[in-house]
Amino acid sequence: MGIKTSFNAVEGASPAGHYTNDFKVDFARIYINGKIHKYVGFEFNTECFNCGVAGGANIFGGNSAIGLLDAIGKFEFDEKFNIWVGRLLLPSERGELNGPFYHATYAGFRTPFFPADFSSNFDNGAGLYGRDNGATLWGKVHPMGTHLLYAVSVSQGLRAAANSGSSLMYTGRLQWNLLNDETSPGYYTSGTYFGTAGDILAIAISGQHQKDGAGNVNAAFGVSDFTGMSIDLLVEKVLPNNWGVFTFNGEFKRFWARYALDAFTAVSPVTGLVDCFCIFNGHSWTVYGLYLIPAKVGIGQFQPYARFTSINPLNSSTRQEWEGGVNYVIDGFNARISAYYTYGDLKTKGGPAGSFSPTATGDKVDSFHVALQLQY
């Protein structure tokens, strides 16, 4: 199981200096996996949907509920060649493959999401929590003592909306570890290994494409292909003489979704609503560094960090955020307490899944957070 729960104090625009305060269950998951045969396995994971809303209620009137997150059939023949099928995480950037539980920071998701994070009950959206229905071929080879991981997938992607022809989505990732290999299973990743994997230098590139994967069919020139590219870097150095562990994460994304601007406002004659898959169009980047202090204090170690994120849409206002905090690491990702501060306009303009319309506005605000993560 895994849970992430937090207390959040966020500055409001009006009245000035007022803070909203709330406790949230951010994620609550049950993990089930195992082997049926030497070469055949499965993974079945659940998520608590709507748990992040106060009282467990959502804006549509329902309550929080445990639902399907992953349902994967695994054919694992060799380190070099494996096939996963079902509902599974697409092999895009490291931030997505970390998932919420294996980020170096508590609130890992800061840059715009790939389409598979946008769900309209999954039928007309493009996925759910980075998952999609499809198949992934992946494997790892070791040229000249390095470690090269590949993963390619074909999946549903956006259904209906702009994609009236039911084209498929294609995703691929190539990751090169120049020093030590990573210990994460499959093609999953982590934002840090707390020094347990030794020195790491990993660079990766990923890409995703879907014909008619963005826009609004009701707008003039409102339908567009979607293409997304990302580059991510993980550097982890175990300092000599037991001086601790330094970790650096960096990520750059560029999305192309060239629908017309009136796609944001064009109304469907059938529903009377704006029916636009107006995904991010532009570039974004984030960098952050962490230092794991070697001395143990009580039952854990302190890990201070700093982070900066910039999101630059082509047709909307830029949004940026500074973050500083400290993790109290008790047992890696299995038990961790985090306290952090942010300043910026990411959340007031909608966050990574926010509106990128030309009229999006929001003030820079302060926020304070204390959070707990537990896994078993």
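The values are calculated or read from the model by the stated rules, or taken from the named source; none is laboratory data. The shown structure was predicted, so the numbers you read here are calculated from the model rather than taken from an experiment. Glycine also receives a Cβ, built like all others from the backbone with ideal geometry; neighbour counts cover every protein chain displayed. What goes into the accessible areas is simple: the full protein's heavy atoms, side chains included, and nothing from ligands, DNA or RNA. Shrake-Rupley method; radii C 1.70, N 1.55, O 1.52, S 1.80 Å.
All but one of (1) open to solvent by 20 Å² or more (accessible area, probe 1.4 Å); (2) within 30 Å of residue 292 (Cα to Cα) hold for residue 138, so report the exception by its number.
All conditions pass for residue 138, except number (2).
Restricted to the range 88-133, and to residues that are on the phi > 0 side of the Ramachandran plot and either open to solvent by 20 Å² or more (accessible area, probe 1.4 Å) or polar (S, T, N, Q) (or both), which residue is modelled with the lowest pLDDT?
Residue satisfying both the conditions and the ranking: 122.
Scan the range 265-295 residue by residue and report those that are out of contact with any Gly (no Cβ under 8 Å at 6 or more places or on another chain), under 30 Å from residue 199 (Cβ atoms) and assigned to a loop (DSSP other than H, G, I, E, B).
295
Counting just the residues of the range 191-246 that are among the acidic types (Asp, Glu) and in a strand (DSSP E or B), which one comes out most open to solvent (accessible area, probe 1.4 Å)?
225
Kindly evaluate residue 41 against the criterion of being modelled with pLDDT under 95, of a type outside the set (Asp, Glu), open to solvent by less than 50 Å² (accessible area, probe 1.4 Å) and not in a helix (DSSP H, G or I).
no
Give the residue that is surrounded by the fewest Cβ atoms within 10 Å (Cβ to Cβ), with candidates limited to residues of the range 296-319 that are part of a strand (DSSP E or B) and hydroxyl-bearing (Ser, Thr, Tyr). Reasoning before the result, please.
If we filter the range 296-319 for residues that are part of a strand (DSSP E or B), which is where we start, we get 297, 300-313, 319.
Of the ones still in play, those that are also hydroxyl-bearing (Ser, Thr, Tyr) are 305, 309-310.
Numbers: 305: 21, 309: 21, 310: 17.
Taking the candidates together, the pick is 310.
Could you list, in sequence order, all residues of the range 143-178 that are without any contact (Cβ under 8 Å) to a residue 12 or more places away in the chain and over 13 Å from residue 211 (Cα atoms)?
From the range 143-178, those without any contact (Cβ under 8 Å) to a residue 12 or more places away in the chain are 143-145, 166; that's our starting set.
If the condition is that a residue be without any contact (Cβ under 8 Å) to a residue 12 or more places away in the chain and over 13 Å from residue 211 (Cα atoms), then 143, 144, 145 are the ones that fit.
Does at least one position in the range 73-85 carry a residue that is crowded, with 20+ Cβ neighbours inside 10 Å, within 26 Å of residue 158 (Cβ to Cβ) and aliphatic (A, V, I, L, M)?
no
Please verify whether the range 251-268 includes one or more residues that are open to solvent by 70 Å² or more (accessible area, probe 1.4 Å), under 30 Å from residue 293 (Cβ atoms) and of a type outside the set (Val, Ile, Thr).
Yes, the conditions are met somewhere in the range 251-268.
Could you list, in sequence order, the residues of the range 141-151 that are open to solvent by 10 Å² or more (accessible area, probe 1.4 Å) and within 18 Å of the chain's Cα centre (by Cα)?
none
Out of curiosity, is residue 158 surrounded by fewer than 22 Cβ atoms within 10 Å (Cβ to Cβ) and either part of a loop (DSSP other than H, G, I, E, B) or touching a Gly at 6+ places or on another chain (Cβ under 8 Å) (or both)?
No, not satisfied.
Scan the range 333-355 and tell me whether some residue there is surrounded by 19 or more Cβ atoms within 10 Å (Cβ to Cβ), in contact with a Lys or Arg (Cβ under 8 Å, 6 or more places away or on another chain) and basic (Lys, Arg).
Looking through the range 333-355, at least one residue is surrounded by 19 or more Cβ atoms within 10 Å (Cβ to Cβ), in contact with a Lys or Arg (Cβ under 8 Å, 6 or more places away or on another chain) and basic (Lys, Arg).
Here is a list: 298, 282, 289. Which entry is touching a residue at least 24 places away in the same chain (Cβ under 8 Å) and closer than 30 Å to residue 370 by Cβ? Give the steps one after another, and end with the answer.
Working: 298 fails: touching a residue at least 24 places away in the same chain (Cβ under 8 Å); 282 fails: closer than 30 Å to residue 370 by Cβ.
Among 298, 282, 289, only 289 is touching a residue at least 24 places away in the same chain (Cβ under 8 Å) and closer than 30 Å to residue 370 by Cβ.
Identify the single condition in (1) polar (S, T, N, Q); (2) modelled with pLDDT of 90 or more; (3) open to solvent by 20 Å² or more (accessible area, probe 1.4 Å); (4) more than 19 Å from the chain's Cα centre (by Cα) that residue 164 does not satisfy, given that it satisfies every other one.
All conditions are met except number (2).
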